[in-house]
Amino acid sequence: MARRRQIYEGKAKVLFEGPEPGTLVQYFKDDATAFNNKKKGTITGKGVLNNRISEFLMLRLGEMGIPTHFIRRLNMREQLIRQVEIIPVEVVVRNVAAGSLSQRLGIPEGSALPRSIVEYCYKNDELNDPLVAEEHVTAFGWATPQELDEILSLSLRINDYLSGLFYGTGLRLVDYKLEFGRLWENDQMRIVLADEISPDSCRLWDVETNEKLDKDRFRRDLGSVEEAYQEVARRLGILPESGPNDVPGSETLQ
Ligand code: TMP
């Protein structure tokens, strides 16, 4: 089988050249890392589940009028996406105190926040994705003030929609990370949602029991990691037909 040219390999995904100009193939790995690569492991079947979960959420958001990079899923581990210029800012949206916010400010995990909080981190592994202010983003030209306004407005719309969608499945969307990119069409530039939305990039807690059903199970050695990702997919009604066990390796099945 003809191998496609690899464009980029990240911690959880690989990007290949797509079949047409302006497209890429996004391949989801089972590799998991935490604490900026200090902790490494494999979550069997994670790539298959995240491919499906991210497809589902990007499609629903697209129907809501949120522009995304997603075109279509190709197979169990790959999706076709539009090539965008990634804005080097990770947007973290928080509804409930957890993780680094709890650590930084001494707010117990699980405390409801008075309102949703949006944070920006500079996407730079060497620096450990540091938290930055809006001022840094615009002063250093990572995004213009207009782009940042658009990113904030899209992030809040995404938050309203996804919080409701997850709540309907008995999951609380505690916090999550989004990435955006610039997409050019006929000399016009649009900001679109990129990367992925999955239990790798979200904290999702059971509404009744507060059980964690996300990557914190891996980060904190809580066990039943695969099962947690499967449970999220099951609640969204999208467990892959044949289960999460697919062929090993990165061959493309068309
Ligand atoms: P934090 O509490 O560690 O800052 O994480 C906030 C949210 O962002 C959480 O849902 C996990 C997600 N996240 C990522 O997707 N990638 C990252 O590199 C980090 C640090 C967090």
Legend entry - Neighbourhood charge, 15 Å Cβ-Cβ cut-off, centred on Gly110 and excluding it, Lys, Arg +1 and Asp, Glu -1: -2
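Among residues other than Lys177 whose Cβ falls under 15 Å from its Cβ, what is the net charge (Lys/Arg +1, Asp/Glu -1)?
Numbers: positive: Lys11, Lys13, Arg94, Lys123, Arg203, Lys215, Arg219; negative: Glu90, Glu119, Asp125, Asp129, Asp175, Glu179, Asp195, Glu196, Asp200, Asp214, Asp216.
Combined, the nearby Lys, Arg, Asp and Glu give -4.
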Legend entry - Unit charges at the beta carbon, dipole of the chain: most positive-side option, His69, Ser111, Leu183: Ser111
Inset, instruction - With label points built 7 Å along Cα→Cβ from the Cα atoms of Asn37 and Lys11, find their separation and express it in nm. - result: 1.0 nm
Legend entry - Where a label projected 7 Å from the Cα of Arg72 along Cα→Cβ would reach, residues of the range 7-45 with amide N under 18 Å: 18-27
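What number comes out for the charge environment of Val132, summing +1 per Lys or Arg and -1 per Asp or Glu over other residues with Cβ under 13 Å away?
Values: positive: Lys123; negative: Glu90, Glu119, Asp129, Glu134, Glu135.
Net charge in that neighbourhood comes out at -4.
With only Lys, Arg, Asp and Glu charged, each at its Cβ (+1 for the first two, -1 for the last two), find how big the charge dipole of the chain is about the Cα centre; round to the nearest 20 debye.
Roughly 440 debye for the chain.
Roughly to the nearest percent, how much of the accessible area of the chain is carbon and sulfur, given a 1.4 Å probe? Let's see the in-between values first.
On the way: 6130 of 12360 Å².
Roughly 50 percent of what the probe reaches on the chain is carbon or sulfur.
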Legend entry - 1.4 Å probe accessible area per residue over the range 61-140, in Å²: 52 Å²
Legend entry - Choice from Thr68, Thr209, Thr33 showing the highest fluctuation, given a GNM over the chain with Cα pairs closer than 10 Å: Thr209
Inset, instruction - Report the FRET efficiency, 1/(1 + (r/R0)^6), for Asp125 and Glu208, where r is their Cβ-Cβ distance and R0 is 35 Å, rounded to 0.05. - result: 0.40
Legend entry - Highest-fluctuation residue, Gln83, Gln103, Gln230 considered, GNM on the chain with Cα pairs under 10 Å: Gln103
Inset, instruction - At 7 Å along the Cα-to-beta-carbon direction for both Met64 and Arg115, put a label point, then send me their distance in nm to one decimal. - result: 1.9 nm
Legend entry - Integer Hz, Karplus 6.51/-1.76/1.60 couplings in order for the range 178-192, x for Gly and Pro: 10, 10, 10, x, 9, 10, 9, 9, 6, 6, 9, 10, 10, 8, 10
Inset, instruction - Would you mind checking Lys11/Lys212; Lys11/Lys46; Lys40/Lys215; Lys38/Lys212; Lys29/Lys212 for any pair whose Cα atoms are more than 19 angstrom apart? - result: Lys11/Lys212; Lys38/Lys212; Lys29/Lys212
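The values are calculated or read from the model by the stated rules, or taken from the named source; none is laboratory data. Bear in mind the structure is a predicted one, so any value in this text is a computation, not a measurement. Cβ atoms come from the backbone with ideal geometry, glycine included; neighbour counts cover every protein chain shown. In case anyone asks, the SASA skips ligands and DNA or RNA and just uses the protein heavy atoms, side chains included. Shrake-Rupley method; radii C 1.70, N 1.55, O 1.52, S 1.80 Å.
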